[in-house]
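Worksheet: the structure to be examined is printed underneath.
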Amino acid sequence: MEEIKKIAEYSGNYITCGTIIIVTFIIAFIIKKYMNEKVVEKATRHQIDATSFVFLNHLIISIVYFLGFGWALLLLPITHTFAHSLFAGAGASTLILGFASQNLFTNLISGVFLVINRPFKIGDNVEFQGITGKVVEINLNAAIIEDKDGNRNIIPSSLIINDKIKIIKNA
């Protein structure tokens, strides 16, 4: 009987939590659809590289999900009871994962700087550490340069940020 009372007592929290999760999905879907339409419109009208817009789109959607799910989890009764142990475990896990994936995070942060600063764009001819070719892809982790023989060279973002890259005009 006591369990039924507890369930009834917290049922409002569960309903609110579920509502917040549903609203989070709806808001993320609307923002994603709106942003995608704007990216296509801007890219076609102004003939610009959409790399920055796509990155911004993913960043905004991630923030919406993080805030929505975080808010929903805070309403659940179990999170009040185990919050300290969850945060302590998350902190220790983050520390371990941070040391284990230091190169990955370095490349991701460097990739963010590449996307924001855009020292070169897709289609540019570049020379980097003896490799000359056309940039065919830029993502957060690396840039891919295709040489004249069709070989694809994957260059980590952290190397590009820390070294000199030459952009070749009219190649």
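Each reported figure results from applying straightforward, stated rules to the coordinates on display, with no laboratory input. What you see is a predicted model, and the numbers here were worked out from it, not measured in a lab. Neighbour counts are summed over all protein chains in view; Cβ atoms, including those assigned to glycine, are modelled from backbone coordinates with ideal geometry.
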Exercise for review: With θ set to phi - 60°, apply the Karplus curve 6.51 cos²θ - 1.76 cosθ + 1.60 along the stretch 99-115 and write out the HN-Hα couplings as whole Hz, x wherever there is a Gly or Pro.
Suggested key: 5, 5, 10, 4, 5, 4, 5, 4, 5, 5, 5, 5, x, 4, 5, 5, 5
Revision key, fill the gap. For residue 117 and residue 40, extending 7 Å from Cα along the Cα-Cβ vector and measuring point to point gives, in nm, a value of 3.4 nm
Exercise for review: Could you grab the relative contact order for the stretch 94-171? Cα pairs under 8 Å, six or more apart, rounded to a whole percent.
Suggested key: 29 percent
Point to revise | Packing rank of 132-141, 146-155, where each peptide gets the mean count of other beta carbons within 10 Å, highest leading | key: 132-141, 146-155
